[in-house]
Amino acid sequence: MPTRPAKKSGAEPRAAAPKTAARNAAPAKAAAVPNGGAGLVLSLQLADAAHRPVLARHRVARWLRASLASLPAELTVRVVGEAEGRALNREFRGKDYATNVLTFDYQRAPSVVADLVLCAPVVEREAAAQGIGLEAHYAHLLVHGALHAQGFDHERTKDAAKMEARERAILAGLGFADPYAAGSTG
């Protein structure tokens, strides 16, 4: 379980939240991927391997690099099942349900250090409900989580507009549709 305190920002689980299970659990699949250009060190852990084909390491790294611009980062991405997602959300946010993405940020400067935890069954349900591809939804949620790790927030209308604009620009650059377009809830 978590061992390092994290900062709070928005609805993400950062208040007194130590390092997540993403850093300490025995992963089903883990690999560190250094990114020479953007300085990204990525640990990808698939505790729920159902979406392994969509979450190829090179794709995840590409989406995160785009989110980070030129900031160096050490990120752990852990994809979990419903039970682990619910337990983490309950423990760190006081909400007794699994949510799509949880961001645990530990450091923003001089480099970003964070854990992003995605709940595979929730992501899959949301993508189906929104009529979008699973890959597009994962890309959006990873971009969203990486922006939270950099201090972006969406609790206030002004902050939400800034964060959503950044998400739209990043996703467009990656070739994905606007997740906030009319008719879309993602």
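Any read-out appearing in this document is the output of simple, stated calculations on the displayed coordinates, not a laboratory observation. What you see is a predicted model; the values in this text were computed from it and never measured. Heads up, the Cβs are rebuilt from the backbone with ideal geometry, glycines too, and the neighbour counts pull from every protein chain shown.
For region 70-109, the alpha carbon convex hull comes to 80 Å³ per residue, rounded to a whole number. Can you give the local net charge around residue 156? Use residues other than it whose beta-carbon is closer than 14 angstrom to its beta-carbon, Lys and Arg +1, Asp and Glu -1. Net charge in that neighbourhood comes out at -2. Residue order for 106, 180, 138, 97, fewest other beta carbons within 10 angstrom first, comes to 97, 180, 106, 138.
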